[in-house]
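A short write-up of the structure that comes next.
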Amino acid sequence: MTSPDHPTARPVELTLLPIGARPDDPAAAGGCGAGCGCGGGEPAFAHDPLECGLDPGLAELLAAGGLDPVQVEDIAHLAVEEDLDNGVDVTTVATVPEDAVATGDFVARQAGTVAGLQVAEAVLSLVCTDDFEVERHVADGDRVAAGQVLLSVTTRTRDLLTAERSALNLLCRLSGIATATSAWADVLAGTKTRVRDTRKTTPGLRALEKYAVRCGGGANHRMSLSDAALIKDNHVVAAGGVAEAFRSVREEFPGVPVEVEVDRIDQIEPVLAEGADLILLDNFTPEDTARAVALVAGRAALESSGRLTLENARAYADAGVDYVAVGALTHSAPILDIGLDLRPERRD
């Protein structure tokens, strides 16, 4: 904030709310979702998830998947508002009769793992001015073939075409993340090692992207900075040492799981002595990882990060780590190509 008396920026205290939260809601603890290694468990919504404006049945499906329907509704609103920009879909309004009704099929253009079908439905529900019929052919987490119909929607043609891109942007993005995660899960099949994500997510879409990781067979790391402590090199420098950083976290937040990053084997024993719940082996080779697993001997969970590829992931799993951390699941996954094919129109 600036003013004539204060030409330089001054911090202003603002109340930050989660998407979908109300000002009088109690602060919600972070939640990492199903399969989270930090112990966060399923997310607890700070409000009744059915308070959203979505169809109650759709809201229940979203909540059952660990998604907050209120947040999904807000994201859908943002997507649609961005596309319309306070105007109308000029192409559709000009070319499609107002009373036209059609069925559209969401079709996979390539093979992959699907995620975000109910999110796409949420977008449609905001745009469709009349009731619409939905036929669900597959479920999130299903593996599909090229040409397979995923979802069929019957509604006003104008509404369907206006919602098309917003719905597909989210559906293709989430399905791409699920598909990328499935590739890692396949490589790790038969071992105890699970692939899990990081916080390298698209701002505003973290919950959806981490949901897509779960759909692909992966596990979630912490959802936010409040779920668990992760002591990295900069924290060590700031605190004056690994032990000092660890003790500070334990003293300030005694109930929070603590993960500590190490980049040398000789750092492991002091971290174990402090009582770390999980140790992050950063840029270890598979051979050094095996030595670290033997040294730890089950006294803490182990996670590998850095140097990881689909080609060498199995070597790290065979070394015995519990997790491999792959930021690329969310920051670099290509979309899964999905399109909307309109069937011939009918008039009521």
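Read the figures in this text as sums done on the coordinates, not as results from a lab. Quantities reported herein were computed from a predicted structural model and do not represent experimental measurements. Note: ideal-geometry Cβ built from the backbone for every residue, glycine included; neighbour counts use all protein chains shown.
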Item to check | Gained length - Ala145 relative to Thr129, 0.36 nm times residue gap less alpha-carbon distance | outcome: 2.5 nm
Item to check | Taking Thr91, Thr330 and counting other C-beta atoms within 10 Å, the order from fewest to most | outcome: Thr91, Thr330
Checklist entry - Would you list Leu161, Leu342 from fewest to most Cβ contacts within 10 Å? => result Leu342, Leu161
Next on the checklist: Spelling out what I want: for every residue of the range 261-277, take phi, set θ = phi - 60°, compute 6.51 cos²θ - 1.76 cosθ + 1.60 (Karplus), and round to whole Hz; glycine and proline get x.
Outcome noted: 8, 10, 10, 9, 5, 5, 7, 6, 4, x, 5, 5, 4, 7, x, 4, 7
Item to check | Mean Cβ neighbour count within 10 Å, used as a protection proxy, ranking 173-182, 307-316 highest first | outcome: 173-182, 307-316
Item to check | Residues whose placed amide H lies under 5 Å from that of Leu302, excluding near-sequence neighbours | outcome: Ile279, Asp322, Tyr323
Checklist entry - Which ordering of Ser166, Ser304 is given by a fewest-first count of other beta-carbon atoms within 10 Å? => result Ser166, Ser304
Checklist entry - Which value, in debye to the nearest 20, gives the size of the charge dipole of the range 198-299 about its Cα centre, when Lys and Arg are +1 and Asp and Glu are -1 at the Cβ? => result 500 debye
